[in-house]
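Participant: Mind looking over this structure? Questions follow.
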Amino acid sequence: MVQRRRMLLQAAALGAAICSPAARAQADYPNRPVRLIVPAGPGSAPDVVARLVAERLGALWGRVLIVDNRPGAGGIPGMSALARSTPDGYTLGFVPAAMAVITPLLFRQPQFSLDSDLVPVATLATSPLLLVTPAAGGARTLSEFAKASQAKGGRANFAAPQTGSLPHLAGEMVNRLGRMNLFTVPYPAPPAAVSAVLSGDAELTADGVPGLLPHIRSGRLRALAVTSAQRLPGFEDIPTVAETYPGFEAIGWFSLFAPTGTPDEIVQKVNRDAARVMQTPDLIARLAEMGIYPRTGSTAETGEFVTAQRQVMKRFVAELGLKPQ
């Protein structure tokens with residue numbers, strides 16, 4: 001009799017837990033609009049990709065995802081807002097690599113911590129960079145470029161697109177690895193850096209595929225290397241930096257994050273649904289036009305990926321001697 005009463009009590013407790021408001025809310029998530037914080041301005045590459053993903057995720061859920069742009073200061077306004085949000089699954093963050101792994105290293109007070117404030121939910125895609133030089137310059141490989149720049153004795157320039165950005169750090173590391181002795185000239189944004197190379201004011205810059213492809217196809221710029229670990233689909237003739245400097249990789253990427261404390265059931269659902277959305281053919285084709293390639297995985301794999309990327313950027317920043325400002 002005692003055993004039967006204990007079993008009945010346990011069953012009742014389980015039923016109450018299943019029927020609790022919190023459990024029901026998680027089971028039918030999302031049952032209202034979801035806010036998607038983007039720590040970048042409207043019209044920027046992260047914003048464009050975020051809206052493509054939000055549109056398809058919203059269609060899958062039958063709910064609206066409201067894109068909330070919070071640009072400025074290395075993404076700190078958006079990242080700190082995400083960190084302070086209620087952890088109920090109704091605020092997510094669409095986070096580019098720079099905001100997640102570079103900002104905490106280069107800002108003295110980033111106002112958020114990946115370790116305590118945020119949880120990685122889903123890796124969505126990667127965005128490699130290209131290193132380019134004027135086609136008229138003669139160098140066809142990184143090794144040839146390194147020899148040519150060394151011969152100029154510090155008179156060759158690296159056009160750094162936006163100080164502290166991923167293209168800036170990637171270019172600086174290649175400069176260091178190749179002992180190229182390039183003089184770094186900062187520019188406010190990638191288009192200005194590209195213009196400097198086109199005009200002959202600089203010999204090298206780094207940027208994403210979309211901003212460089214028209215100039216490569218026109219014959220004005222030559223792509224020396226791609227910063228991903230493997231050659232890119234559709235650009236197999238462009239070698240990787242790692243083929244010249246083994247072990248090198250510097251990629252942009254986009255991931256979903258949530259405030260710490262977000263129920264795991266919701267985190268897992270968002271992860272699964274995001275992976276499903278990222279495999280739709282129309283989205284794959286649209287992203288390929290932007291030099292962006294889907295990369296998905298479990299929540300555990302997402303966490304491992306982010307951790308590995310943090311270590312890469314820590315090494316870059318340490319080897320370049322950069323200090324937080």
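Read-outs: derived from the displayed coordinates by stated rules, not from any lab. Predicted model only: the values in this text are computed from it and were never measured. FYI the Cβ positions are ideal-geometry reconstructions off the backbone, even for glycines, and counts take in every protein chain you see.
Participant: Only helical DSSP H runs with n ≥ 4 go in: add -39500 (n - 2.57) per run for the chain, normalise by residue count and round the 222 nm mean residue ellipticity to 500 deg cm²/dmol. Kindly include the intermediate steps, with their values, before the conclusion.
Facilitator: On the way: 12 runs with 140 residues, N = 325.
Value at 222 nm, helices only: -13500 deg cm²/dmol.
Participant: Under the classification rounded if a/c is under 1.5, otherwise prolate if a/b is larger than b/c and oblate if not, where does region 45-178 fall, given a ≥ b ≥ c as square roots of the Cα gyration tensor eigenvalues? Display every interim value, and only then the final one.
Facilitator: Details: a/c = 3.41, a/b = 2.05, b/c = 1.66.
Prolate, because a/c is 1.5 or more and a/b exceeds b/c.
Participant: Okay, next question. Provide the three semi-axes, in whole Å and in decreasing order, of the ellipsoid equivalent to region 274-322 as defined by the square roots of 5 times the Cα gyration tensor eigenvalues.
Facilitator: Values: eigenvalues 167, 51, 4 Å².
Square roots of five times the eigenvalues give 29, 16, 5 Å.
Participant: Quick check on the exposure proxy: order LYS323, LYS152 from fewest to most C-beta atoms within 10 angstrom.
Facilitator: Details: LYS323 9, LYS152 14.
So the residues, fewest neighbours to most, are LYS323, LYS152.
Participant: By how many degrees, between 0 and 90 and to the nearest 10, does the Cα long axis of helix 45-61 differ from the longest principal axis of the chain?
Facilitator: 30 degrees
Participant: Follow-up question, since we're still on this one. Using only alpha carbon pairs under 8 Å that are at least six residues apart, calculate the relative contact order of the chain and give it in whole percent. Let's see the in-between values first.
Facilitator: Numbers: 582 pairs, mean separation 77.0, N = 325.
Once divided by the residue count of the chain, the mean separation gives 24 percent.
Participant: Loop sites only, by DSSP: take the GluC sites (Glu not before Pro) in the chain that have at most 15 other C-beta atoms within 10 Å and name the longest stretch containing none of them. Don't skip to the end; give the middle numbers.
Facilitator: Values: sites that count: GLU236, GLU289.
Maximal segment without exposed cleavage sites: 1-235.
Participant: Quick one: give the max-minus-min coordinate of the C-alpha atoms of the chain along each principal axis, largest first, in Å.
Facilitator: That works out to 91, 40, 34 Å along the principal axes.
Participant: Among residues other than GLN150 whose Cβ falls under 15 Å from its Cβ, what is the net charge (Lys/Arg +1, Asp/Glu -1)?
Facilitator: Overall, the nearby charge balance is +3.
Participant: Same structure again: According to the Cα gyration tensor, what semi-axes, each the square root of 5 times an eigenvalue, does the equivalent ellipsoid of region 128-243 have, listed from largest to smallest in whole Å? Don't jump to the answer; show the numbers that get you there.
Facilitator: On the way: eigenvalues 65, 49, 40 Å².
Gyration-tensor ellipsoid for region 128-243: 18, 16, 14 Å.
Participant: Compute the angle between helix 2-18 and the longest alpha-carbon principal axis of the chain, please, reported from 0 to 90 degrees and rounded to the nearest 10.
Facilitator: 50 degrees
Participant: Take every DSSP beta bridge whose two residues both sit in region 128-243, then give the antiparallel share in percent to the nearest 5.
Facilitator: Details: 9 of 17 bridges.
Of all bridge pairs located within region 128-243, approximately 55 percent are antiparallel.
Participant: Of all beta bridges DSSP finds with both residues in the chain, what is the antiparallel percent, to the nearest 5? Walk me through the intermediate numbers first.
Facilitator: Values: 24 of 40 bridges.
Around 60 percent of the beta bridges assigned by DSSP in the chain are antiparallel ones.
Participant: Follow-up question, since we're still on this one. I'd like the orientation of helix 190-199 relative to the chain: the angle between its Cα long axis and the longest Cα principal axis, in ° from 0 to 90, rounded to 10.
Facilitator: Roughly 20 degrees between the two axes.
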